[in-house]
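We did not get these values from a lab; they are worked out from the coordinates using the rules stated. Because the structure is predicted, anything quoted here is derived from the model rather than measured. Glycine gets a Cβ as well: all are built from the backbone with ideal geometry, and neighbour counts include every protein chain shown.
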Ligand SMILES: [Fe+2]
């Protein structure tokens, strides 16, 4: 563990003033190739070692065809971490971004991973900011998106609607509008363009392997399907989510006792918060 923490995981340890300005203006900022090659490979290997992913990739096409989503496997929460993914709780860049945005006090919410194969379906525009207490929707909820294999535009690619984090009174549950409308940039422009004072247009991203996106979960985002003839066999993805202190979100996970036992005082502060329970 010691040798890993001494190795470089990120190419950068802190955002620039311009990175932070872009984040506040657009609701997200991308860091292309932010991971070192060693970190990128370490994360990819740990995702591919996860038991549910191993079993999924071992299935025959016929076996996968019986699943609800035969071309992708998601794991939430992702608890079976190795030393590389463990660093994503509090690596220097992670800490610097969260402190600059939320301040000194913030909590780990949960983390997920997803493996998408050719033919995987997409995800429409949505927000992910759903605290149990909706009165806390103004509080920070941040997603750190890791793409060890990267993605091309339109190939399980992330799209965002810059500026849509500023919509103040969005009360609907993702991915639908207040009356069940499918969310599109045109719909947001019509309903909220005047309020926010800017045009809404989707931006289709394309990021090389090892890239990271720092996303305000109020920013509407979508994922395109993965074409059956995609040149990329699988897209690997992990999402590590942090929140401002307050009520749990629907996916705020229970912290495994082993994490708490070996946590440093700083990490304990990250983990000591209420988890979501259905009751
Ligand atoms: Fe999302």
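Taking 7 Å steps out from each Cα toward its Cβ at residue 41 and residue 25 produces label points 3.7 nm apart.
Using only alpha carbons, the range 126-210 has a radius of gyration to Kirkwood radius ratio (Rg to Rh) of 0.99. What is the distance in Å between the Cα centres of the range 203-258 and the range 75-114? One Cα centre to the other: 12 Å. DSSP beta bridges fully contained in the chain are about 100 percent antiparallel. For the residues 87, 55, 207, a GNM of the chain with alpha-carbon springs under 10 Å puts the largest fluctuation on 55. In the elastic network of the chain, a GNM with C-alpha springs shorter than 10 Å, the most mobile of 140, 84, 170 is 170.
Projected label points at residue 251 and residue 49, each 7 Å from Cα along the beta carbon direction, are separated by 2.3 nanometres. What separates the Cα centres of the range 137-167 and the range 17-67 is a distance of 13 Å. Applying 0.36 nm per residue to the separation of residue 260 and residue 62 and subtracting their alpha-carbon distance, the gain on full extension is 67.2 nm.
When the Cα convex hull of the range 183-279 is projected onto planes of every orientation, the mean area is 10.7 nm². Test of understanding: in a Gaussian network model of the chain with alpha carbons linked when under 10 Å, which of 159, 85, 230 would top the mean-square fluctuation ranking? The residue that fluctuates most here is 230. Relative contact order of the chain, taken over Cα pairs closer than 8 Å and 6 or more residues apart, is 29 percent. Modelled spin-label separation between residue 194 and residue 169, with each label point placed 7 Å from Cα along the Cα-to-Cβ direction: 1.2 nm.
Across the chain, the convex hull enclosing all Cα atoms gives 141 Å³ per residue. The value for the range 57-146 of Rg(Cα) / (2.2 N^0.38 Å) is 1.38.
Considered as an equivalent ellipsoid built on the Cα gyration tensor, the range 1-82 has semi-axes of 32, 20, 10 Å, the largest given first.
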